[in-house]
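The values are calculated or read from the model by the stated rules, or taken from the named source; none is laboratory data. Because the structure is predicted, anything quoted here is derived from the model rather than measured. Ideal geometry is used to build each Cβ from the backbone, glycine not excepted, and the neighbour counts take in all protein chains shown. Side chains included, ligands, DNA and RNA excluded: accessible areas come from the protein's heavy atoms. Shrake-Rupley method; radii C 1.70, N 1.55, O 1.52, S 1.80 Å.
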Amino acid sequence: MPNLRGVFVTGTDTGVGKTVVSAALMHRYRGEAPLRYWKPIQTGIEDGDDTSTIRWLGACAEEEIFDRGERLPLPLSPHLSARAAGRSIAVADLARLPSSQEGKHGWVVEGAGGILVPISDTAMMSDLMRQLGLSVIVAARSTLGTINHTLLTIEALRRRGIELAGAVLVGEPDPDNRAAIERFGSVAVLGEMPWFASLDPAALGAWARGCLDAAGLLRRFFRD
Ligand SMILES: Nc1ncnc2c1ncn2[C@@H]1O[C@H](COP(=O)(O)OP(=O)(O)O)[C@@H](O)[C@H]1O
Ligand SMILES: [Mg+2]
């Protein structure tokens, strides 16, 4: 069973900012530990892939990228995208891939969709999280509706015994939503990422180094 160092970035939904939060984590922590980004399951590969986005947005060196795993054409839930490709995703095989990597990297692993997305007929994204043994960061919208979605995600993680490392809210900061998530979710909000008019590596890097996890709560996940 892999016992990786690092975090698993999930979200309350697809399109909430998991990739952008993952890129921000690369900027924030690469000065403290060698990091490696991994997207184990990429659907809709023909419309673009998060690994390429991270190479650019995270200003990543090639050794910071682990480009292995399920690469599926249709932009559907992983179990449906795999089925359409005539494949079936085996969670245990996927979870073993990082063990081929020498060295002590801090992993930034990005899920697909949210935690209860099926990845086969018998497994969900939460099973992959558990098998990788990583603590989880929840990317969530900052705006109306986020309290419910974020608390539901946190509750589902806790029910499954998955460690929660924190949440990052993406979009126009909303102090009341942040406070409600922290209070009812008993979770640290590690950052409130503004909506960038022009999202690029320099702007994201500056925000990440100055404002993401300023207290360094994630440090223990990335290094000894
Ligand atoms: N803080 C932000 N500022 C500007 N654009 C953003 C921001 N966060 C996310 N986006 C954009 O929103 C879309 C969805 O974000 P993404 O990180 O790809 O979501 P996910 O990985 O959860 O599907 C992308 O086009 C991304 O560039
Ligand atoms: Mg993504």
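Taking amide hydrogens as placed 1.01 Å from N in the peptide plane, the amide H of Val9 sits under 5 Å from those of Val109, Glu110, Gly111, Ile137, each at least 5 positions away in sequence or on another chain. Classification of the stretch 82-148 by its C-alpha gyration tensor yields an oblate form. The axis ratio a/c (a ≥ b ≥ c) is 1.5 or more, and b/c is at least a/b. Could you work out how much longer the chain between Phe196 and Leu97 gets when fully extended? Use 0.36 nm per residue separation minus the Cα distance between them, nm to one decimal. Working it through step by step, the gained length comes to 32.2 nm. Taking the average, over residues, of other Cβ atoms within 10 Å as the packing measure, peptides 74-80, 126-132 rank 126-132, 74-80 from highest down. Computed per residue of the chain from DSSP H runs no shorter than four, each worth -39500 (n - 2.57), the mean residue ellipticity at 222 nm is -10000 deg cm²/dmol. With 0.36 nm allotted per residue and the present C-alpha distance subtracted, the Arg209-Asp13 stretch has 68.0 nm of extension available. Of all segments of the chain bounded by GluC sites (Glu not before Pro) found in a DSSP loop with no more than 13 other C-beta atoms within 10 Å, the longest spans 103-224. By DSSP, the beta bridges lying fully in the chain are antiparallel in about 5 percent of cases. With the simple spin-label model, which puts each label point 7 Å out from Cα in the Cβ direction, the Ala84 to Leu116 separation comes to 2.3 nm. Annotation: Ser88 carries an accessible surface of approximately 90 Å², with a 1.4 Å probe and no ligand, DNA or RNA atoms counted. Think of each Lys and Arg Cβ as +1 and each Asp and Glu Cβ as -1; about the Cα centre, that makes the dipole of the chain roughly 580 debye. Please work out whether the stretch 42-96 counts as rounded, prolate or oblate from its C-alpha gyration tensor, where a ≥ b ≥ c are the square roots of the eigenvalues and a/c under 1.5 means rounded, while otherwise a/b larger than b/c means prolate and anything else oblate? Because a/c hits 1.5 or more and a/b fails to exceed b/c, the stretch 42-96 counts as oblate.
Here the convex hull built on the C-alpha positions of the stretch 6-215 has a volume of 117 cubic angstrom per residue.
Within the listed set Gly185, Gly48, Gly69, the residue fluctuating most in the Gaussian network model of the chain (springs between alpha-carbon atoms under 10 angstrom) is Gly48. Taking all Cα pairs closer than 8 Å and separated by 6 or more residues, the relative contact order of the stretch 6-215 comes to 26 percent.
The 3J(HN,Hα) values that the Karplus relation (6.51, -1.76, 1.60; θ = phi - 60°) gives for the stretch 6-12 are, in residue order, x, 9, 10, 9, 10, x, 7 Hz. Gly and Pro appear as x. Among the DSSP helices (H) of the chain, those spanning at least 18 angstrom by Cα along their long axis with an average Kyte-Doolittle hydropathy of -1.0 or more are 146-159; this is a geometric and hydropathy rule only. Spacing of the modelled spin labels on Glu32 and Glu182, each 7 Å from Cα toward Cβ, amounts to 1.8 nm. Going by a ≥ b ≥ c, the root eigenvalues of the Cα gyration tensor, does the stretch 1-131 fall in the rounded group (a/c under 1.5), the prolate group (a/b larger than b/c) or the oblate group? Judged from the Cα gyration tensor, the stretch 1-131 comes out prolate (a/c at least 1.5, a/b above b/c).
Return the single residue from Ile115, Ile54, Ile45 with maximal mean-square fluctuation; model: Gaussian network over the chain, springs between Cα atoms under 10 Å. The residue with the greatest mean-square fluctuation here is Ile45.
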